[in-house]
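Novice: Can you read through this structure? Questions will come right after.
No value in this document is a laboratory result; all are computed from the given coordinates. This one's a predicted model, so the numbers in the text were calculated from it and none came from an experiment. Glycine also receives a Cβ, built like all others from the backbone with ideal geometry; neighbour counts cover every protein chain displayed.
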Amino acid sequence: MKKFAFVWIPAYRASSPDFPCDLWQYSDKGRVSGITGNVDVNRYQRGRTKEFFIGGSTAPPKDAYYKSNPGRIEAKTTVGLYGRKDVGFTGGHVGGTYKKGTRFKIKGIDKSKTGIPRLVTESGYLLTANKKYVGKVSR
């Protein structure tokens, strides 16, 4: 797979693909105004943004991630836990997948090689620090 510019995997299910990829096609039942019938829908993976695919800055927006320990967070969508040393989020959800509303106690922050923050859970697994997928809770 190293010979390709990026990896795009179709896996029609609620959890991310079992293999590292840059783009995940998660359904063929999406809807778009003005188009009759279903369309394929995709999600960026591994911190990718549309700029990665079309050119321009690949850096995430400055306020998109928690950069300091938020203490306790809640999943805003289904999320997965990655291995303690898997800061690149390439090894799959070895710590399991968790539904929206699941709460986690965070004990620290780690970073990928490209500087993307990762939350270190109380159990030692890594979780996205992307505010789009997790949110701070008071208790």
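Novice: Of the residues that make up region 97-112, is at least one closer than 15 Å to Arg46 by Cα and aromatic (Phe, Trp, Tyr)?
Specialist: No; the residues of region 97-112 include none that is closer than 15 Å to Arg46 by Cα and aromatic (Phe, Trp, Tyr).
Novice: Within region 72-118, which residues are at positive phi and touching a Lys or Arg at 6+ places or on another chain (Cβ under 7 Å)?
Specialist: Selection gives Phe89 alone.
Novice: Which members of region 103-121 meet the condition of being of a type in the set (S, T, N, Q) and surrounded by 14 or more Cβ atoms within 10 Å (Cβ to Cβ)?
Specialist: Ser112, Thr121 - these are the residues of region 103-121 that are of a type in the set (S, T, N, Q) and surrounded by 14 or more Cβ atoms within 10 Å (Cβ to Cβ).
Novice: Is at least one residue of region 121-135 of a type in the set (A, V, I, L, M) and more than 15 Å from Gly47 (Cα to Cα)?
Specialist: No, region 121-135 contains no residue that is of a type in the set (A, V, I, L, M) and more than 15 Å from Gly47 (Cα to Cα).
Novice: Only one of these conditions is not met by Arg139: (1) outside any loop (DSSP other than H, G, I, E, B); (2) more than 25 Å from Trp8 (Cα to Cα). Which number is it?
Specialist: In the conditions (1) outside any loop (DSSP other than H, G, I, E, B); (2) more than 25 Å from Trp8 (Cα to Cα), Arg139 misses (1) alone.
Novice: Which members of region 96-112 meet the condition of being in a loop (DSSP other than H, G, I, E, B) and under 14 Å from the mean Cα position of the chain (by Cα)?
Specialist: Gly96, Lys99, Lys100, Ser112
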